[in-house]
Amino acid sequence: MAQSKWLHAGVAGFISLIVYLLTMAPTVSFWDCGEFIASAWTLGIPHPPGTPFFVIIARVAMLVFSFVGEKAARVNLISVITSAATIYICFLIVWDVLEHYFLKLKEKAHKQYSEKFAQFLKMSGAYLGAGFVAFSDTFWFNAVEAEVYGLAMAMVFLITWMSILWLKHKDDALGDKILVLICYIAFLGVGVHLYSMITLPVVFLFLIVMDPRMRKIESVPIWISGLALYTIVFMIDKFVYISLTTLVVSIAIILLAKTDAWKRSGRLTFWITFMAIVGYSTHAYIPIRSSLNPIIDENNPEIAMDKVFSPSEWGAFNDFLGRKQYGSESMLSRSFHRRGDLSNQFFSYPHLGYGGYLLAQLTPFKVGEARVDGQGKVKVHDQDNLPLTKFGVEVPTQMNSSFGESKFMQFLMFVIMHIFIFYGIWRLYKLDNRYGIGKGTKSKDIRYYEET
């Protein structure tokens, strides 16, 4: 059974790889792609916050794929390969969740499936889930050009799968090592895109629900260090100070601990923090390379070597990391005030509506465009919403059809797109309520991995 899982995951990843290779951009695409390619070729500094790890990987790709004549295509291949790897991991995630579901069915003596039929449902479900991701509009779009999102998504999916793998080993030493590795991957991903951090709050809650030790007082240092390190999301320019302070505190806990539980907590805090710093260390590329004045050196975020140990002289570097050139509001403060109508945020609206965006991922009905006049009224113009021709059929945009005029239709499509998701969550919750409220967390209840 285990071999079948890995084999089918490989097939899903390979199919995606072939499709992405066939549809890959042959040269430079629009927007940031040209900047990333040029920065990789010259080892330069692209726009804030610099994506240092991606630039390094892209430079390596240019050397490794030297047999590809077009230099831009060499960087495009990074997205192709990492996106196919993401589909491979996605298959494993869906398979493992379904495995847990069927074992819970068997354990609670609910409706039984034969082993062959359960195997078929796991396989078909995993292929379907992986296919939805692989050929969704945005994912496929980013999988074939020189962008950071393919590599960032691979890291996000890897973190998600590793959190499931952690369940198997949460009661032995390997479990803590998996947590440390998750932390390293997440903070390494910051050098690609801050999106790599998006799953960590959910993973943190998952640990608390599934591991009773994480709800004891001895685990407070782990909680606090995790929260402190996560401030990188909205205070990246302060991360060096925060992480070093957390590291010192963890050492103090190890030295002062009197019990094994406190020692474990101190050690885990230390290694999580240490590996977060190691992952983040790719950002050292930015001031070092900037000091050599490469052809592309946006914002000139260098730090003079004789002033490295003078934090007050890190102004240009910190401003670069904090995206100060954009004059944008803090992510934290932005979250406390609404900037759009609630229905527009959840239904169909250009560049804002979640529901319309999701619908556009898996159907030919793209969102389209709209304009707001001086009185704040939304106006839809035909010239902004030209229909797409698919297999000889003209498909209107959401804004230039009944969707754009009817909130009821938008709500109905939102329900249709989500009903199976919420039904699946509810079914899993009914079989294993730890996914919802954290009950029944004794390890003897988990037979998922023991039987696989």
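Nothing in this text is a laboratory measurement; each read-out follows from the coordinates by a stated rule. Note that the structure is predicted; figures quoted are calculated from it, not measured. Glycine also receives a Cβ, built like all others from the backbone with ideal geometry; neighbour counts cover every protein chain displayed.
Among the chymotrypsin sites (Phe, Trp or Tyr not before Pro) in the stretch 288-372, those placed in a DSSP loop whose Cβ has at most 15 other Cβ atoms within 10 Å are F309, F336.
For the chain, what is the mean residue ellipticity at 222 nm derived from helices alone (per DSSP H run of n ≥ 4: -39500 (n - 2.57); sum divided by total residues; nearest 500 deg cm²/dmol)?
About -19000 deg cm²/dmol.
Of K324/K390; K170/K258; K104/K177, which ones are farther than 32 Å apart at the Cα?
Details: K324/K390 43 Å; K170/K258 23 Å; K104/K177 27 Å.
Result: K324/K390 exceed 32 Å.
Using the Kirkwood radius built from alpha carbon pairs, what does the Stokes-Einstein equation give as D for the stretch 267-325 at 20 °C and 1.002 mPa s, in µm² per second?
Value of D from the Cα-based Kirkwood radius: 169 µm²/s.
Normalised by the number of residues in the stretch 174-262, the average gap of Cα pairs under 8 Å and 6 or more apart makes the relative contact order 17 percent.
Quickly rank 82-89, 177-184, 386-393 as a protection proxy: mean count of other C-beta atoms within 10 Å, highest first. Could you put the intermediate results ahead of the total?
Details: 82-89: 24.1, 177-184: 19.6, 386-393: 10.2.
The densest-packed peptide leads the list: 82-89, 177-184, 386-393.
Based on a Kirkwood Rh over C-alpha pairs, give the Stokes-Einstein translational diffusion coefficient of the stretch 338-393 at 20 °C and viscosity 1.002 mPa s in µm²/s.
Numbers: Rh = 12.4 Å.
Calculated translational D: 173 µm²/s.
What full-extension length gain, to one decimal in nm, is calculated for I18 and I56 as 0.36 nm per residue of separation minus the Cα-Cα distance? Show your work: numbers first, answer last.
Details: separation 38, 0.36 × 38 = 13.68 nm, distance 2.54 nm.
The I18-I56 span can extend by a further 11.1 nm.
The label-point distance for A284 and A173, in a model that sets each label 7 Å from Cα toward Cβ, rounds to 2.9 nm. Across all directions, the average projected area of the convex hull around the alpha carbons of the stretch 48-202 is 11.7 nm². In the stretch 211-329, Cα pairs under 8 Å separated by at least six residues give a relative contact order of 22 percent.
Near the amide H of D297, within less than 5 Å, lie the amide hydrogens of I45, all on another chain or at least 5 residues away, with H placed in the peptide plane. What the Cβ-Cβ distance of K430 and T42 gives, at R0 = 60 Å and to the nearest 0.05, is a FRET efficiency of 0.60. Spacing of the modelled spin labels on V233 and F120, each 7 Å from Cα toward Cβ, amounts to 4.3 nm.
Compute the FRET efficiency between S66 and K258 as 1/(1 + (r/R0)^6), taking r as their Cβ-Cβ distance and R0 = 41 Å, and round to the nearest 0.05. Write out the running numbers ahead of the final one.
Details: r = 58 Å, r/R0 = 1.42.
With R0 = 41 Å, the Cβ-Cβ based efficiency is 0.10.
What helices does the chain hold that run 27 Å or longer along their axis, going by alpha-carbon atoms, with a Kyte-Doolittle average of -1.0 or more, using DSSP H for the helix calls? If you can, show how the numbers build up before the last one.
Values: long enough: 2-23 (32 Å, 1.13); 71-107 (55 Å, 0.91); 115-134 (28 Å, 0.56); 149-169 (30 Å, 1.35); 260-280 (30 Å, 0.27); 407-431 (35 Å, 1.22).
Qualifying helices: 2-23, 71-107, 115-134, 149-169, 260-280, 407-431.
Computed over the stretch 1-67, the percent of Cα pairs more than 15 Å apart is 66.
Under 25 °C and 0.890 mPa s, how fast does the chain diffuse according to Stokes-Einstein, given a Kirkwood radius computed over C-alpha pairs? Answer in µm²/s, whole number. Present the calculation step by step, with values, prior to reporting the outcome.
On the way: Rh = 24.7 Å.
Rounded, D is 100 µm²/s.
The label point for I198 and the one for V378, both projected 7 Å from the Cα toward the Cβ, are 2.3 nm apart. Taking the stretch 42-68 and a reference point 7 angstrom along Cα→Cβ of M162, the backbone N atoms nearer than 17 Å belong to 53-54. Pairs exceeding 27 Å between alpha-carbon atoms, taken from K106/K216; K116/K168; K71/K366: K106/K216; K71/K366. Summing Lys and Arg as +1 and Asp and Glu as -1 over all other residues whose Cβ lies under 12 Å from the Cβ of L321 gives a net charge of +1.
Look at the alpha carbon pairs under 8 Å that are at least 6 residues apart: their mean separation over the length of the chain gives a relative contact order of 16 percent.
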